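See below for the structure under consideration.
The values are calculated or read from the model by the stated rules, or taken from the named source; none is laboratory data. Nothing here was measured: the structure is a model prediction, and the numbers come from that model. A quick note on method: Cβ atoms are made from the backbone with ideal geometry, for glycine too, and the neighbour counts reach across all protein chains shown. We work out accessible area using only protein heavy atoms, side chains counted, and drop any ligands, DNA or RNA first. Shrake-Rupley method; radii C 1.70, N 1.55, O 1.52, S 1.80 Å.
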Amino acid sequence: MSSKNKFGFGPIEPAQVKPRRRDPGPMGAAVREAASSMTESTENLVEQRRQNATDAKAFRLAQEEGRVLVAVPLEDIRTDDLPRDRLDLSSVAASDEMEELKASIRERGQKEPIEVYRTETGFQLKKGWRRLTALQQLLTETGDARFAKAVARVAEEAGTRIDLYIDMVEENVIREDLSFAEMAQVAITAAQDTGLDGMGAEELVGRIYASLHKMKRSYIRSFVYLLEHLDEALPYPKSVSRNLGVDVARKMQAAPGRIASLKSALSNVSSVDEQTDVLKKFVLSAERSEGKAEQAPRQRSVKYEFHVGLSKVTARKGECRILSEIDFSSVDRKRLQKAVEAFEAVLRDE
């Protein structure tokens, strides 16, 4: 019997069977590569979206906290909501220091951002009046678009009025860039702000300058008194030194009646030196007056006592006291009044 089947071939021996190669062809390799790439891309995309969400959340938080720097057009920034912490802004704008700041910005750009807060009409300046002024002057002088925008931190909300004043002065106070007169003027101006619930200038010194030592706050309060009582009669308030200002304020408080003469003397000054001389003379004059008052002989106080019947009488200037066994509260009021009137009548007759 033949070992071949009806198809004409016999059984295959196991040794003759070779495993079939499963290497993918060009199309299969392409499909596998595309599938692997898609899987990897999907994982990367998911991770990227997760990172983007985290970054967006961090950005919104930083933006709300005013830690994001943005370029704000100068024409969108106003400066009329808060009074500036500088006296005589026109002099500051034309000073040598302003020219130095402009030269730095022209050469290296604006390195320190200003701070603004958003309002319904745009932005209001919180910090950085000098930097903003320098950019405005540079834009006017050069027309260069580099100076048309200010790098700024933007607060989405203004915050409380007192916080705005604190933020405005904080930087300059830390750098000790404000005179005592300027710090006092901020408190005086803030006291007129209807948003501060009627707090007085002296109280506001404690709020606005809470980070300063109490002795320094005491100096500022002295300058508050000085500026409030001399007002426009003091032509160069920034030039008054700390010690002189404190001394003048103390002498004014001790003798308010001398303030009018001081204001009259200040009306004739035409320079810082003349103003300083007038203030020093005022202090010396007040000290001489105080010295004379201390040296004036004191009048001797006279006191004597005597008895009339059962009553003891003690007499001194402005006082006559009667101690008696009589219950004066039981005496009829009209009768007691008549007795006192008779007593005074006898004294007047003598």
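Structure above, values below:
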quantity	calculated
Top-ranked residue in region 106-124 [being β-branched (Val, Ile, Thr) and open to solvent by 20 Å² or more (accessible area, probe 1.4 Å); ranked as farthest from GLY143 (Cα to Cα)]	THR119
Residue within region 73-85 that is assigned to a loop (DSSP other than H, G, I, E, B), open to solvent by 60 Å² or more (accessible area, probe 1.4 Å), at pLDDT below 85 and within 30 Å of ILE188 (Cβ to Cβ) present	no
Region 20-34 residues that are open to solvent by 100 Å² or more (accessible area, probe 1.4 Å), paired with ones that are modelled with pLDDT under 70 and not hydrophobic (A, V, I, L, M, F, W, C) (beta carbon under 9 Å, 6 or more apart)	ARG32/PRO24
Boolean, LEU212 is assigned to a loop (DSSP other than H, G, I, E, B) and crowded, with 17+ Cβ neighbours inside 10 Å	yes
Top-ranked residue of region 164-201 - restricted to ones that are among the polar types (S, T, N, Q) and surrounded by 15 or more Cβ atoms within 10 Å (Cβ to Cβ), ranked as nearest to TYR117 (Cα to Cα)	ASN172
Residues (hydrophobic (A, V, I, L, M, F, W, C) and closer than 16 Å to LEU164 by Cα) located in region 202-217	LEU204, VAL205, ILE208, ALA210
Pick from region 141-164, criterion outside any strand (DSSP E or B) and hydrophobic (A, V, I, L, M, F, W, C), ranking: nearest to LEU101 (Cα to Cα)	PHE147
Failed item, numbered, when LEU204 is tested on (1) open to solvent by 20 Å² or more (accessible area, probe 1.4 Å); (2) within 18 Å of the chain's Cα centre (by Cα); (3) modelled with pLDDT of 90 or more	(1)
Selected residue (only one of ARG49, ARG32, ARG22 is over 30 Å from GLY159 (Cα atoms), charged (D, E, K, R) and at pLDDT 75 or above)	ARG49
Residue check for SER104: part of a helix (DSSP H, G or I), closer than 18 Å to LYS127 by Cβ and of a type in the set (S, T, N, Q)	yes
